[in-house]
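A.B. asks: Provided herewith is a single structure, encoded as structure tokens, for subsequent inquiry.
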Amino acid sequence: INFKCKTENQKKFVNQIKEKIITIGAGYPGSGKTFLSCAEALRLLKVEPQYRKIMLVKSVTVLKGEEVGFLKGTLEDKLNPFMESFKDNFNKLIGKVLTNKLQEQGIIEVQPLTYLRGRTIDNTIIIIDEAQNISFDNMKTILTRIGENSKIIIIGDQRQIDLRNKKESCLSWLAEKFEINDKFGVTRFTKEDQVRNPIISVIEEIFDELDN
């Protein structure tokens, strides 16, 4: 898996994923959090035999003011629209054919938060996206599912909370608590880390005026 970090924070984030059991990447959109998480998870899966699969976990909280209605199909069919950001990055890294094959084989697994309760997850790299939309109780449930030879990567942007009660979001609190404990890795991405498209930082600045 060939990928290159473009900023110091990206390098820090990838190194923390390698070294720590639990890592948080929090901050600005377009800073490569999801891409780097997927890339490093694939690399670890290839070179470290203790890891046997990648589990993708994402809050399915819809955007404020938006409703998706009833979704037909299997559980996987219902979750797929929310998992496109993951699949886009896997497709870039290893192509659509291999991505679909790994998903069919269960090596890339998609799981909703609800189905994690009571499980112990071994030999797995767990990527938790949109963590700003996960409550304290649900995050505790996820983190306490970790078993032998597993890692957890938590990514999100605390400035994009879609929960009706923003105080229920645990991401900022969790990053602060983990940052002072060397057992965990925490990287805070800034505007300088935005690599997707330079115009994103301009858009962010314009909308930031709404909060001032």
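The values are calculated or read from the model by the stated rules, or taken from the named source; none is laboratory data. The structure presented is a predicted model; accordingly, all values stated were derived computationally and were not measured. Because the Cβ atoms are built from the backbone with ideal geometry, glycine has one as well, and the counts that use them run over all protein chains shown. Protein only, heavy atoms only, side chains kept; ligands, DNA and RNA dropped before computing areas. Shrake-Rupley method; radii C 1.70, N 1.55, O 1.52, S 1.80 Å.
A.B. asks: Mind listing whichever residues of segment 168-195 are free of Cβ contacts under 8 Å to residues at least 60 places away in the same chain, open to solvent by less than 70 Å² (accessible area, probe 1.4 Å) and out of contact with any Phe, Trp or Tyr (no Cβ under 9 Å at 6 or more places or on another chain)?
C.D. replies: Asn181
A.B. asks: Okay, next question. List pairs: first residue in segment 130-143 and more than 11 Å from Leu113 (Cα to Cα), second residue open to solvent by 30 Å² or more (accessible area, probe 1.4 Å) and aromatic (Phe, Trp, Tyr) anywhere in the structure, Cβ distance under 8 angstrom, at least six positions apart or on different chains.
C.D. replies: Matching pairs, first to second residue: Phe136/Trp173.
A.B. asks: Related question: Which of the residues belonging to segment 167-212 are at pLDDT 90 or above and basic (Lys, Arg)? Talk me through it step by step, then tell me what you get.
C.D. replies: Taking segment 167-212 and keeping what is at pLDDT 90 or above, we get 167-190, 193.
Listed by number, the residues that qualify are Lys167, Lys177, Lys183, Arg188.
A.B. asks: Open to solvent by less than 60 Å² (accessible area, probe 1.4 Å) and either at negative phi or of a type outside the set (Gly, Ala, Ser) (or both), is that true of Asp157? Don't jump to the end; show me each part of the working.
C.D. replies: Values: open to solvent by less than 60 Å² (accessible area, probe 1.4 Å): yes; either at negative phi or of a type outside the set (Gly, Ala, Ser) (or both): yes.
Against the criterion (open to solvent by less than 60 Å² (accessible area, probe 1.4 Å) and either at negative phi or of a type outside the set (Gly, Ala, Ser) (or both)), Asp157 qualifies.
A.B. asks: I've got another one for you. Looking at segment 1-45, which of the residues that are at pLDDT below 95 and surrounded by fewer than 16 Cβ atoms within 10 Å (Cβ to Cβ) is nearest to Phe178 (Cα to Cα)?
C.D. replies: The extreme case among them is Lys6.
A.B. asks: Given the conditions (1) of a type in the set (D, E, K, R); (2) modelled with pLDDT under 85; (3) open to solvent by 40 Å² or more (accessible area, probe 1.4 Å), report the number of the one that Lys96 does not fulfil.
C.D. replies: Here Lys96 meets the rest and fails (2).
A.B. asks: Quick one: how many residues across segment 101-149 are closer than 14 Å to Ile21 by Cβ, open to solvent by 20 Å² or more (accessible area, probe 1.4 Å) and part of a helix (DSSP H, G or I)?
C.D. replies: Result for segment 101-149: 1.
A.B. asks: Could you list all residues from segment 46-60 that are within 16 Å of the chain's Cα centre (by Cα), among the β-branched types (Val, Ile, Thr) and open to solvent by 20 Å² or more (accessible area, probe 1.4 Å)? Show your work before the answer.
C.D. replies: Kept after step one, since they are within 16 Å of the chain's Cα centre (by Cα), are these residues of segment 46-60: 53-60.
Retained after the next criterion (residues that are among the β-branched types (Val, Ile, Thr)): 54, 57, 60.
Residue satisfying the conditions is Val60 alone.
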